[in-house]
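Written below as structure tokens is the structure these notes are about.
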Amino acid sequence: MATPITSIKKTERTEMEVQQEKLADLQKQLAEQEESLQKLIEITSELHTIGALDALQAMLQSKEKIAGIAVGQVSREPVTNILNNLLAAAGTLTAVNPATVQQLSHSVQQGLHEAEQGVEEGQKTGVLQLMKAINDPDINRAVTFGMNFLKGMGKGLNDPTE
């Protein structure tokens, strides 16, 4: 029978051997990714040629100044006003029935198309034509819609809770 193993010797690699192994792994990875690395080098070279790398480096070195400028620009009153207006408009749109908005949008587009045609044809409207036009069902519907809209808006302007 064989003699039993009484001690196990762990072979420790030297730091030089570890570095050699890492270098061999790195060489293997570089060889496997040759095409990708070539493209990366070409892109980097092109960015350097047009000065983009220098600009990027300058931006990174001045990141705190750039952030300060950006915050200063965003906090200006016109910018905060537009953001507040966008939020208010979004709130209004969420409260309105999407089908109504879609129908109104379609109606506005159709109205603009007819208005363009009238301008191109050089149409002029007199007082009598205006009085007769109110009998046209399409015009009457639009005028009634506008009057009801104005009435509702007037009520809203008079409401102190809003």
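Here ALA115 meets each of (1) surrounded by 10 or more Cβ atoms within 10 Å (Cβ to Cβ); (2) of a type in the set (A, V, I, L, M); (3) more than 35 Å from the chain's Cα centre (by Cα) with one exception, condition (3). When you check MET1 against the structure, is it among the hydrophobic types (A, V, I, L, M, F, W, C), at pLDDT 90 or above and surrounded by fewer than 10 Cβ atoms within 10 Å (Cβ to Cβ), yes or no? In short, no. Comparison of GLY118, GLY111 shows that the only residue that is closer than 20 Å to ASP138 by Cβ, at pLDDT 90 or above and not hydrophobic (A, V, I, L, M, F, W, C) is GLY111.
Among the residues of region 79-86, is there at least one that is at negative phi and loosely packed, with under 10 Cβ neighbours inside 10 Å? Checking region 79-86: not a single residue is at negative phi and loosely packed, with under 10 Cβ neighbours inside 10 Å.
Among the listed residues LEU37, LEU56, LEU30, LEU93, which satisfies the condition of being at pLDDT below 95, within 30 Å of PHE149 (Cα to Cα) and in a helix (DSSP H, G or I)?
Numbers: LEU37 fails: within 30 Å of PHE149 (Cα to Cα); LEU56 fails: within 30 Å of PHE149 (Cα to Cα); LEU30 fails: within 30 Å of PHE149 (Cα to Cα).
Checking each option against the conditions leaves just LEU93.
The values are calculated or read from the model by the stated rules, or taken from the named source; none is laboratory data. Everything numeric in this text was worked out from a predicted model, so none of it was measured. As a convention, Cβ positions derive from the backbone with ideal geometry for all residues, glycine included, and neighbour counts pool all protein chains shown.
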